[in-house]
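Worksheet: one structure, shown below.
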Amino acid sequence: MNEKLDAISDASSAASGHKSEATKSPWPGPKGMIPVTSGQAEDANVHNRAYLDNILVEMRVIDAVKPDLTTEIFGHKFSSPLTLAAISHLDKIYQDSGRSPMHEKTMAAKRANILNWIGMESDQDYERITREAGPSVRIVKPFADHDRIIDELQFAQKLGAVAVGIDIDHVPGTDGNYDVVDGIKLGPITQEDLAKYVASVDIPFVAKGVLSVFDALKAKKAGVSAIVVSHHHGRLPFGVPPLQVLPEIIEALAGSGIKIFVDGSLMSGYDAYKALAMGADAVLIGRGILSELLDSGENAVIEKIEQMNQELSELMMYTNVKDTKSFDSSVLHIQ
């Protein structure tokens, strides 16, 4: 299999002729490590961006005050509802330079007092990356070997993860078979499987990659504590924008106590505001900090998050939102 690896999503894709050759990645490192998406009709990220840009915000400034961004997630208080997404494999880019972008990202999250998510890494690398880390969530792949899934979940719990979870959306490969990542075979996830993974740990469990009420309700029945509404940076061709289905999912899970996170093309604090106003409990930022992380490291990530927090605070003040529990979706107008 001619495989390309996406350092954000771990998504592999067979080389696809003119589309992969026509785009040149701006990122350093091995060819294909961080691919630029096609920008064509099947690219779910194109529809993400278009949908986000067509959500407008009305102004409610009388009685508005500077907002409090403090957010509680999994029993921990953070300085912001912005969290750093489950990026993977970045250390392969700088393996000979002494840099560890994965650890730099982890330490940026700790210094900024925001939640950090970690994607597919070996147990050895996961332990190294999270050394001296703040609160982190480990997301594992749907390996064909179910014992490996449980072992990695339990290892993360042992090392102090505040939550663990699984990418429910990383099952198919572009060849129509189950995907293979780093030579490791992936497989299907049944509701029964998911319930076993939930029961294998004593900390909150997250189903990442929910993009329908259908999967949200199955995840609820499996006993998850949280979901991430996401299409995994466009794994699904023609994927519906996460924010477009977010309100339906929130309504379907009302009263369940399940935390609802969202990601997908959230490149600014303004984008994050729209997701939070729709009802997300917090958002995951991946590509929004990737260039800063790879180009300059830890300090640059912190500066980008500070900028995004300023943008978020600005829109909250414009719309009379005093804290992260006071968002109101009625300020949003979708064209």
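Values in this text are rule-based calculations from the coordinates and carry no lab data. Model, not experiment: these values are computed from the prediction. We place every Cβ from the backbone using ideal geometry, glycine too, and count neighbours over all the protein chains shown.
In terms of packing, defined here as the mean over residues of other Cβ atoms within 10 angstrom, the peptides 299-308, 249-258 line up highest first as 299-308, 249-258. Expressed in units of 2.2 N^0.38 Å, where N is the residue count, the Cα radius of gyration of the range 192-312 is 1.13.
Calculate I(q)/I(0) for the chain by the Debye formula, one identical point scatterer on each C-alpha and no solvent, and give its log10 at q = 0.07, 0.08, 0.12 Å⁻¹ to two decimals. So the normalised log intensities are -0.26, -0.34, -0.81.
When shorter helices are ignored and each DSSP H run of at least 4 residues is given -39500 (n - 2.57), the per-residue value for the chain at 222 nm works out to -10500 deg cm²/dmol.
Counted residue by residue at 0.36 nm each, then reduced by the alpha carbon distance between them, the extension gain from residue 212 to residue 330 reaches 40.2 nm.
Could you tell me which of the pairs 105/221; 274/325; 141/221; 141/196; 220/304 are separated by over 26 angstrom between their Cα atoms in the structure shown?
Too far apart for the 26 Å limit: 105/221; 220/304.
Identify the residues of the range 196-240 with backbone N under 17 Å of a label point that sits 7 angstrom from the Cα of residue 41 along the Cα-to-Cβ direction, or state none. It comes to 237-240, nothing else. Computed from label points 7 Å out along Cα-Cβ, the spacing between residue 59 and residue 323 is 2.7 nm. In this simple spin-label model, placing a label point 7 Å from the Cα along the Cα-to-Cβ direction at both residue 185 and residue 158 gives a separation of 2.6 nm. The distance between label points at residue 127 and residue 200 comes to 1.8 nm (points 7 Å beyond Cα on the Cα→Cβ vector).
Counting DSSP beta bridges in the chain, what percent are antiparallel, to the nearest 5? It would help to have the intermediate numbers written out before the result.
Values: 13 of 40 bridges.
The answer is about 30 percent antiparallel.
Each part reduced to its alpha carbon centroid, the range 207-229 and the range 91-119 end up 28 Å apart.
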